Ligand code: PEP
Ligand code: MN
């Protein structure tokens with residue numbers, strides 16, 4: 001059960017103290033408090049864990065300082081949607097809203113190779129009004145002999161260039177806890193010209209110790225990629241690890257499943273799960289058409305498979321797109337064959353807008369039909 005307290009409740013005040021005293025007397029119930037400082041208010045949620053079936057919702061609602069009480073199912077306690085659960089389905093970071101109702105594009109380099117390429121990428125993004133990007137510094141590679149990413153050495157120039165071109169959020173994969181300290185250090189060194197969304201890659205979706213560490217910090221939001229060979233439920237539980245440790249700023253990323261059935265695509269595109277994740281949880285949902293499709297194949301209609309897949313995810317209500325671009329894919333050190341060209345950025349963005357408009361029209365259509373069914 002979750003008790004949602006009145007906004008900005010004073011934890012030194014009488015109501016809070018009386019509430020906590022009462023809760024501490026409940027038999028076989030553990031209490032866990034989560035505080036979330038938003039732009040305007042501080043929200044406090046109290047998680048009651050244990051034998052909560054015997055507790056009355058109405059009695060809990062009547063306790064001092066409690067605004068609402070929600071009975072949660074066993075699954076996805078923190079990130080899940082529950083009956084009468086009106087908790088937010090969005091968060092804000094660096095002035096950008098990430099929600100189940102918004103759409104943000106993170107076009108950028110799969111892996112940082114040269115500062116020149118980073119700058120060309122950032123400039124193109126600025127020219128087309130973008131404020132987010134992806135930049136890989138730590139690359140988990142299949143072979144130990146291939147390029148592993150520039151790591152901490154590239155961070156200062158990546159962050160400076162992001163700041164120079166007005167990029168507010170850089171999605172960046174981390175594979176070890178030390179990477180978070182390196183990112184924090186480089187941001188401090190450069191005067192925090194941008195923000196970072198920590199990415200947990202598909203190979204680390206069930207690296208529980210990494211999840212706990214990333215979840216314990218609340219400074220950076222997290223993009224958690226779905227594991228490519230596990231069930232959706234297992235991946236959603238991985239997101240719950242992050243949230244249960246304290247970090248609610250989690251975006252869930254679909255990136256295709258590893259199976260030969262998906263051939264000739266690199267992975268089997270799983271964007272039909274966009275609405276499923278939105279229904280089961282309150283997380284915004286990201287799609288990664290680059291790592292799903294993995295090739296620059298083009299349909300006879302003239303549209304690249306990657307753009308088709310992106311549009312399919314957006315038409316289904318996706319909230320974020322992670323997509324590989326490169327100014328010179330033939331020189332890219334990682335995933336060149338799936339990179340879109342900078343010249344393709346305006347077409348990609350317009351195509352995404354067309355798909356988003358279609359999605360918004362579909363939502364209005366559903367509302368209209370829903371109302372007419374109720375009226376009938
Ligand atoms: C990536 O986005 O660079 C990446 C490696 O993705 P994934 O973890 O989905 O393979
Ligand atoms: Mn890649």
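Read the figures in this text as sums done on the coordinates, not as results from a lab. Remember, it's a predicted structure, so these values are computed and weren't measured experimentally. Methodologically, a virtual Cβ is constructed for each residue, glycine included, from the backbone with ideal geometry; neighbour enumeration extends over all protein chains shown.
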Over the stretch 92-365, what is the relative contact order in percent, taking alpha-carbon pairs closer than 8 angstrom and at least six residues apart? 18
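For the stretch 1-123, what is the convex hull volume of the alpha-carbon atoms per residue, in Å³?
158
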Of all DSSP beta bridges located in the chain, what percent are antiparallel, nearest 5? 45
Quick shape summary for the stretch 168-307, equivalent ellipsoid via Cα gyration tensor, semi-axes whole Å in descending order, reads 28, 19, 13
If packing is taken as the average number of other Cβ atoms within 10 Å across a peptide's residues, how do 149-157, 282-290 rank, most packed first? 282-290, 149-157
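Which order do the peptides 210-220, 234-244 take when ranked by the mean count of other beta-carbon atoms within 10 Å per residue, highest first?
So the order, starting with the most tightly packed, is 234-244, 210-220.
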Principal axes first, then extents: for the Cα atoms of the stretch 230-344, list largest minus smallest coordinate on each axis, whole Å, largest first. 42, 26, 25
Expressed as an acute angle from 0 to 90° and rounded to the nearest 10, what is the orientation of the C-alpha long axis of helix 177-189 relative to the principal long axis of the chain? 80
Neighbour-count order for 67, 245, fewest beta carbons within 10 angstrom listed first: 67, 245
Given the Cα-Cα distance of residue 75 and residue 92 and 0.36 nm per residue of separation, how much length would full extension add, in nm? 3.6 nm
Computed over the Cα atoms of the chain, what is the ratio Rg over Rh, Rh following Kirkwood? 1.00
Could you rank the peptides 4-11, 43-50 by their average count of other C-beta atoms within 10 Å per residue, with the highest value first? 43-50, 4-11
At a temperature of 10 °C and a viscosity of 1.306 mPa s, determine how fast the stretch 2-71 diffuses translationally according to Stokes-Einstein, using the Kirkwood radius over alpha-carbon pairs as Rh; express D in µm²/s, rounded to the nearest whole number. 129
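For residue 263 and residue 35 in one chain, what is 0.36 nm times their gap in residues minus the Cα-Cα distance, to one decimal in nm?
Fully extending the segment from residue 263 to residue 35 adds 77.5 nm.
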Compute a Gaussian network model of the chain, connecting alpha carbons closer than 10 Å, and tell me which residue from 133, 281, 231 fluctuates the most. 231
For helix 345-375, report the angle its Cα long axis makes with the longest principal axis of the Cα atoms of the chain; keep it between 0 and 90° and round to the nearest 10°. 40
Considering the chain as a Gaussian network with a 10 Å cut-off on Cα pairs, which listed residue, 124, 358, 366, attains the greatest mean-square fluctuation? 366
Can you compute the helix-only [θ] at 222 nm over the chain? Use -39500 (n - 2.57) per DSSP H run of at least 4 residues, normalise by all residues, nearest 500 deg cm²/dmol. -10500 deg cm²/dmol
Mean projection area, nm², convex hull over Cα of the stretch 82-163: 7.9
When the chain is treated as a GNM, springs tying every alpha-carbon pair under 10 Å, which of 362, 248, 25 comes out with the largest mean-square fluctuation? 25
